[in-house]
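The values are calculated or read from the model by the stated rules, or taken from the named source; none is laboratory data. Given the structure is predicted, the values throughout are model-derived calculations rather than measurements. Glycine also receives a Cβ, built like all others from the backbone with ideal geometry; neighbour counts cover every protein chain displayed. Surface accessibility is based on the protein's heavy atoms, side chains included, excluding ligands, DNA and RNA. Shrake-Rupley method; radii C 1.70, N 1.55, O 1.52, S 1.80 Å.
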Amino acid sequence: MLSHAVSSPTVPPSLRDLFAIDPGVIFLNHGSFGACPREVLEAQWQWQLEMERNPVEFLGRRSADLLFRARTALATELGARPENLVFIPNSTTGVNVVAQSLTLEPGDEVLATNLEYGACDATWQRVCEKQGAHYRHVTIPLPFESHGVVERIMAAVTPRTRLIFASHITSTTALILPVAELCAAARARGILTLIDGAHAPGQIPLSLDSIGADFYVGNCHKWLCAPKGSGFLVAAADQQDRLDASVISWGYAEHSGGHSGFDAYLGNTAFERKMQWQGTRDLSAWLAVPDAIEFLKRHGWSEVRRRCHQLASQALKEIAGQHGLSPIARDNDWAQMVAIPVPATDPELLRQRLFNEHRIEIPVTTHADAVFVRLSVQGYNTEEDISRLVEALV
Ligand SMILES: Cc1ncc(COP(=O)(O)O)c(C=O)c1O
């Protein structure tokens, strides 16, 4: 048990049973790929069965409407306009769509923080390299001070800065960046913004229209608990023309869909037409997104999030405190995921020890010479899970 008293210790045991997590594993890594409740998976399977009853009817004639309904439910949840939101498989794809659509001149630059996700750093590095542009990182010092972030990034802007790329919640360090303020400051300087919200939907309340990014990508398969492969891209209306889909398909054809009468190829706007149809693929993960949203609502997820944050906060204090290490941020700088500093010298060895000896699935991350266990606490986690982690680490 945790040595600090937990003010609301009762975890509804039923919540754990609603997920398919292996009971033999203490699963504290929701952050990497999420976890999907059984009933949301069942909703996805129902869509797959429905498709197979008549694939032509489903994909060719019904999918545009079905996708629009799912997009509307998601956009409503995220505070965005459905016509500005399209489904994509994941955030990495979204970052690629934007990066590969941006025309850069030699000497132009894309600015990001040094807290970005490695695969997206690689995307920007490659895209910039190919066009003779530069991808530059602004160092965000730790311990983290949210109020200094925008000023620091904007101070690094030059006349050649074309776009600012930043995570809403960072990967290895789990910090919430002040993206609304960043987008406003960039807009005032005429610089485009792309926000990587891979971890944000479902973990923190979102109003994407108020954030005001030119482009915002995110995942539903992480904290919204939707099936794997359910990502989205929101593009401001005045920026949609510049985007190309990663797969050029019917939406680009002059009489898209006309010859076959397939509505799916059409879409209502040019943006929808370009992005929606990318060849035959399984739409079921996206169609089950409204079920995931409904699941979280039905199970009182605001309270679940509060409880998870509290458990994570206690774990942070116990583990870091035992080792005499200071947290890298205040409690309100992170949500259900927290980077807990540990004195390990070999991160991979620690990860293996936690899994092999304690059956604890948790990533061990590094940043600027520091090592962290990145703890994710989700609704299915119990106080006992957290106690086991604390015991294994102190
Ligand atoms: C900040 C951030 N961006 C992007 C991603 C990539 O997500 P996906 O693999 O779903 O594209 C991750 C994955 O953990 C992430 O942490």
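Along the Cα→Cβ direction, 7 angstrom out, place labels at His147 and Glu42. What is the inter-label distance in nm?
5.0
Write down, largest first, the equivalent ellipsoid semi-axes of segment 17-167 in whole Å, where each equals the square root of 5 times an eigenvalue of the alpha-carbon gyration tensor. Don't skip to the answer; put the middle values down first.
Numbers: eigenvalues 274, 108, 44 Å².
Largest first, segment 17-167 gives 37, 23, 15 Å.
Could you compute the FRET efficiency for Asp121 and Thr345, with r as their C-beta to C-beta distance and R0 at 30 Å, rounded to 0.05? Please report the intermediate quantities before stating the final value.
Working: r = 25 Å, r/R0 = 0.83.
Using R0 = 30 Å, I get an efficiency of 0.75.
Taking all protein chains together and a probe of 1.4 Å, list Thr72, Thr365 from the most accessible to the least accessible. Present the calculation step by step, with values, prior to reporting the outcome.
Values: Thr72 45, Thr365 15 Å².
Reading off the accessible areas and sorting them downward yields Thr72, Thr365.
Anyone know which of Ala370, Ala213, Ala329 comes out most mobile in the 10 Å Cα GNM of the chain?
The residue that fluctuates most here is Ala370.
Please work out the Cα center distance from segment 148-175 to segment 209-259, rounded to the nearest Å.
23
Kirkwood Rh over alpha-carbon pairs of segment 156-249, then Stokes-Einstein at 20 °C and 1.002 mPa s: what D in µm² s⁻¹, rounded to an integer?
Working: Rh = 14.1 Å.
Once the numbers are plugged in, D ends up at 152 µm²/s.
Can you tell me the orientation of helix 91-101 relative to the chain, as the angle in degrees between its alpha-carbon axis and the longest Cα principal axis, to the nearest 10?
Roughly 50 degrees between the two axes.
To the nearest 10 degrees, how steeply does helix 118-131 sit against the main Cα axis of the chain, on a 0 to 90 scale?
Tilt of helix 118-131: around 40 degrees.
Ignoring trypsin sites (Lys or Arg not before Pro) that are buried or in helix or strand per DSSP, and keeping those with at most 14 other beta carbon atoms within 10 Å, what is the longest stretch of the chain between them? Could you put the intermediate results ahead of the total?
On the way: sites that count: Arg189, Arg281, Arg330, Arg359.
No qualifying site falls inside 1-188, the longest such stretch.
What is segment 1-149's relative contact order, in percent, from Cα pairs under 8 angstrom and six or more apart in sequence? Display every interim value, and only then the final one.
On the way: 89 pairs, mean separation 20.1, N = 149.
That works out to 14 percent.
Could you let me know the centre-to-centre spacing of segment 12-49 and segment 305-337, using Cα atoms, in angstrom?
Segment 12-49 and segment 305-337 have Cα centres separated by 25 Å.
For helix 301-322, report the angle its Cα long axis makes with the longest principal axis of the Cα atoms of the chain; keep it between 0 and 90° and round to the nearest 10°.
40
Loop-only GluC sites (Glu not before Pro) in segment 12-69, please: DSSP not H, G, I, E or B, and at most 16 other Cβ atoms within 10 Å. If you can, show how the numbers build up before the last one.
Details: sites: Glu39, Glu42, Glu50, Glu52, Glu57; in loops: none.
Loop-located and lightly packed - none at all.
Given N residues in the chain, what is its alpha carbon radius of gyration divided by 2.2 N^0.38 Å?
Details: Rg = 21.6 Å, N = 394, 2.2 N^0.38 = 21.3 Å.
That works out to 1.01 for the chain.
As an exercise, use a Förster radius of 30 Å and the Cβ-Cβ distance of Ile204 and Glu105 to find the FRET efficiency, rounded to the nearest 0.05.
Values: r = 36 Å, r/R0 = 1.20.
Computed FRET efficiency for Ile204 and Glu105 comes out at 0.25.
Using a 1.4 angstrom probe, figure out how much accessible area segment 288-394 has per residue, in square angstrom, rounded to the nearest whole. It would help to have the intermediate numbers written out before the result.
On the way: 4360 Å² over 107 residues.
That works out to 41 Å² per residue.
Where does the charge balance sit around Thr158 when Lys and Arg score +1, Asp and Glu -1, over other residues with C-beta under 12 Å from its C-beta?
Numbers: positive: Arg136, Arg160, Arg162, Arg189; negative: Asp108, Glu109.
In short, +2.
For every other residue with a beta carbon closer than 11 angstrom to the beta carbon of Gln48, add +1 if it is Lys or Arg and -1 if Asp or Glu, then tell me the sum.
On the way: positive: Arg53; negative: Glu42, Glu50, Glu52, Asp282.
That works out to -3.
Leaving ligands, DNA and RNA out of it, report the carbon-plus-sulfur percent of the accessible area of segment 1-159 at a 1.4 Å probe. Kindly include the intermediate steps, with their values, before the conclusion.
On the way: 4210 of 7760 Å².
Ligands and nucleic acids excluded, carbon and sulfur give 54 percent.
Just grab the label-to-label distance for Ile248 and Ala188, each label 7 Å out from Cα along the Cβ direction, in nm (one decimal).
4.0
With every protein chain left in place, what is the accessible area per residue of segment 1-143 in square angstrom, probe 1.4 Å?
Values: 6870 Å² over 143 residues.
Value returned for segment 1-143: 48 Å² of accessible area per residue.
Please name which of Leu104, Ile248, Gly24 has its Cα lying farthest along the dipole of the chain towards the positive end, using unit charges on Cβ (Lys, Arg +1; Asp, Glu -1) and the Cα centre as origin.
Leu104
Kindly provide the helix-only [θ] at 222 nm of the chain, computed as the sum of -39,500 (n - 2.57) over DSSP H runs of four or more divided by all residues, to the nearest 500 deg cm²/dmol?
Working: 15 runs with 156 residues, N = 394.
Value at 222 nm, helices only, nearest 500: -12000 deg cm²/dmol.
Once label points are set 7 Å from the Cα along Cα→Cβ at both Ser32 and Ser302, what is their separation, rounded to one decimal in nm?
According to this spin-label approximation, the distance is 3.3 nm.
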